[in-house]
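J.: Here it is: the structure, laid out below.
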Amino acid sequence: MNEIVSILSAVLNRPIRYVDIPDERWIEAVKDRVNRHAVEHLSSLWRFFRTSGIRKGESGFRVSETIERLTGAGPQTLEQFFRMNVESFDKIRPSA
């Protein structure tokens, strides 16, 4: 999570702070903006990241060659994704 926050902070050129919240609170906050399938998928994904014990670079998080083989292009990095969608993330401002 610290790496994700660091990348987003750099892209937005402002400090971003990660706050761990219960899954139920996150689901409640996004359920009207994200489709049900995506909410279920992302909830499971974040739970896996928090509880797997696997660290970046270990086999559980290795990006395979499959994406490039199927699409003809390498996988997009998180930084690339944030930069391509910066206007969506820049709308999010901390609450006072």
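Only the coordinates and a few stated rules stand behind these numbers; no lab work does. Remember, it's a predicted structure, so these values are computed and weren't measured experimentally. Here the Cβ positions follow ideal geometry from the backbone for every residue, glycine too, while neighbour counts run over all protein chains shown.
J.: Counting only helical runs of four or more DSSP H residues, what would the 222 nm mean residue ellipticity of the chain come to if each run contributes -39,500 (n - 2.57) and the total is spread over all its residues?
T.: Mean residue ellipticity, 222 nm, calculated: -15500 deg cm²/dmol.
J.: Out of (1) 58, 29, 13; (2) 45, 29, 26; (3) 52, 39, 24, which label holds the value of Cα extents along the principal axes in Å that was computed here?
T.: Working out Cα extents along the principal axes in Å from the coordinates points to (2).
J.: Another one. Please arrange Arg33, Arg47 by counting, for each residue, the other beta carbons lying within 10 Å of its beta carbon, fewest first.
T.: Arg33, Arg47
J.: Within the chain, which is the longest segment that contains none of the GluC sites (Glu not before Pro) sitting in a DSSP loop with at most 13 other Cβ atoms within 10 Å?
T.: Here the longest segment lacking exposed loop sites spans 1-57.
J.: Evaluate the relative contact order of the chain (contact order divided by residue number), counting alpha-carbon pairs under 8 angstrom at least 6 apart; express in whole percent.
T.: It rounds to 31 percent for the chain.
J.: Loop only by DSSP, 10 or fewer other Cβ within 10 Å of the Cβ. Give me the chymotrypsin sites (Phe, Trp or Tyr not before Pro) in segment 27-88 that pass, ordered by residue number.
T.: none
J.: Net charge near Thr51: determine it from the other residues with C-beta under 15 Å of the C-beta of Thr51, scoring Lys and Arg +1 and Asp and Glu -1.
T.: My count for the surroundings of Thr51 gives 0.
J.: Sticking with this one: Could you give each residue of segment 32-39 its phi-based ³J(HN,Hα) in whole Hz, using Karplus coefficients 6.51, -1.76, 1.60 with θ = phi - 60°, and x for Gly or Pro?
T.: Once θ is set to phi - 60°, the couplings for segment 32-39 become 8, 10, 10, 5, 4, 4, 5, 4 Hz.
J.: I would also like to ask the following. Measure off 7 Å from each Cα along the Cα-to-Cβ vector at Ile67 and Val39, then give the distance between these two points in nanometres to one decimal.
T.: Going from the Ile67 label point to the Val39 one covers 2.7 nm.
J.: What's the FRET efficiency of Asp23 with Ile54 using the Cβ-Cβ distance as r and R₀ = 25 Å, to the nearest 0.05?
T.: 0.85
J.: Also, quick follow-up: Under a Cβ-Cβ cut-off of 10 Å, what is the net charge of the residues other than Asp23 that fall near it, where Lys and Arg count +1 and Asp and Glu count -1?
T.: Cβ neighbours under 10 Å give a net charge of +1.
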